[in-house]
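The values are calculated or read from the model by the stated rules, or taken from the named source; none is laboratory data. Model, not experiment: these values are computed from the prediction. Here the Cβ positions follow ideal geometry from the backbone for every residue, glycine too, while neighbour counts run over all protein chains shown. Keep in mind that these areas ignore ligands, DNA and RNA; they rest on the heavy atoms of the full protein, side chains included. Shrake-Rupley method; radii C 1.70, N 1.55, O 1.52, S 1.80 Å.
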Amino acid sequence: MTSVTADDYAWIRSSPLFRHALEVGYTLTLVRDVAPEEVLRVMEAEPQGLCTGVDPLIERQYELLDATDYWDAPSIAGAFTVPGESGDWTVVLHFDGCGMQPRFLEALSSKGGRAVVHSSNGGKPIHLFHWYEDGRLRTTFEWPAAREGSTPDALNPVMREVGFDLSDDEGDTGVPVDTKAAVLALAERLTGVRVTEELLRDAEYQLGQVPEEPAEEWTGIVIDITDAHGERFYKEVTREEIEASVARARAKASEPTVILGPASPAP
């Protein structure tokens, strides 16, 4: 295991590529001993050929967004292989902020495998980290002091070594750390793969178009609002009620408009 720390990833704050990734949202996944074409197949991606360098990958994503005209669209993922700890690793990069679906990660890490993922959804960001081993989510967190998974504390010693402050739950104290840089360092500790600007910028990517995830079926909504005076309004509205209300509004909107003149009888 490498001795990398957050300091080794200070470059991300002066990187145009990583700045773009944080602005639009990104997911970076590392999978051990699974070839790029197999990773893309598990992701249900339609093959889109090869490209050299990250710029064409970004351009293809923008072309896809322009064609669909909305952000909840399919995404273009790029994958390539690099050597790492205990074998070759496939690096998967995509710029959509939606992240890798859990079922993909479970499949890709099954039978003694490992998958490590970090992401940001862009905008007002949510930053996530996931470590899968043998088909199980071992450790995941948004905030390092609030970890979940089947073994949420298994990485605590390594997290401290790379620079994380776990003071919220274990009484530690320390200097402020760039948590995103620490996440990249943690990923390297688990994979042996050093991610650099040059690695992502110059790689030859196998491309795949990942389909949009189908929306979950919904049965209703809950309105729960408490005002500044502590007065609470709570109401559950069923899907049938909403659809009926929408139908009435559409019917009313389609009624002919009647303009009454001065001689028209009063309604």
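Assess whether Ala67 counts as being modelled with pLDDT of 95 or more, more than 15 Å from the chain's Cα centre (by Cα) and small (Gly, Ala, Ser).
Taking the combined requirement at face value, the residue does not satisfy it.
Scan the range 196-213 and report the pairs whose first residue is in a helix (DSSP H, G or I) and whose second residue is crowded, with 19+ Cβ neighbours inside 10 Å, with Cβ atoms within less than 7 Å and a gap of 6+ or a chain change.
What qualifies is Leu200/Val54; Leu200/Leu93; Arg201/Val54.
Can you name the condition, by its number, that Leu137 falls short on among (1) hydrophobic (A, V, I, L, M, F, W, C); (2) over 23 Å from Phe18 (Cβ atoms); (3) modelled with pLDDT under 95?
Just one mismatch for Leu137, condition (3).
Going by what's in this entry, would Phe129 be described as out of contact with any Phe, Trp or Tyr (no Cβ under 8 Å at 6 or more places or on another chain) and at pLDDT 90 or above? If you could, list the steps in order and put the result at the bottom.
Numbers: out of contact with any Phe, Trp or Tyr (no Cβ under 8 Å at 6 or more places or on another chain): no; at pLDDT 90 or above: yes.
Taking the combined requirement at face value, the residue does not satisfy it.
When you look at Thr238, is it touching a Gly at 6+ places or on another chain (Cβ under 8 Å), more than 30 Å from Val42 (Cα to Cα), of a type in the set (Ser, Thr, Tyr) and modelled with pLDDT of 80 or more, yes or no?
yes
Please go through the range 82-103 and give me each residue that is open to solvent by 70 Å² or more (accessible area, probe 1.4 Å), at pLDDT 95 or above and in contact with a strand residue (DSSP E or B) (Cβ under 7 Å, 6 or more places away or on another chain), ordered by number.
Asp88
Among the residues of the range 104-142 satisfying the criterion of being out of contact with any strand residue (DSSP E or B) (no Cβ under 9 Å at 6 or more places or on another chain) and over 18 Å from Arg32 (Cβ atoms), which is surrounded by the most Cβ atoms within 10 Å (Cβ to Cβ)?
Of everything passing the filter in the range 104-142, Pro125 is surrounded by the most Cβ atoms within 10 Å (Cβ to Cβ).
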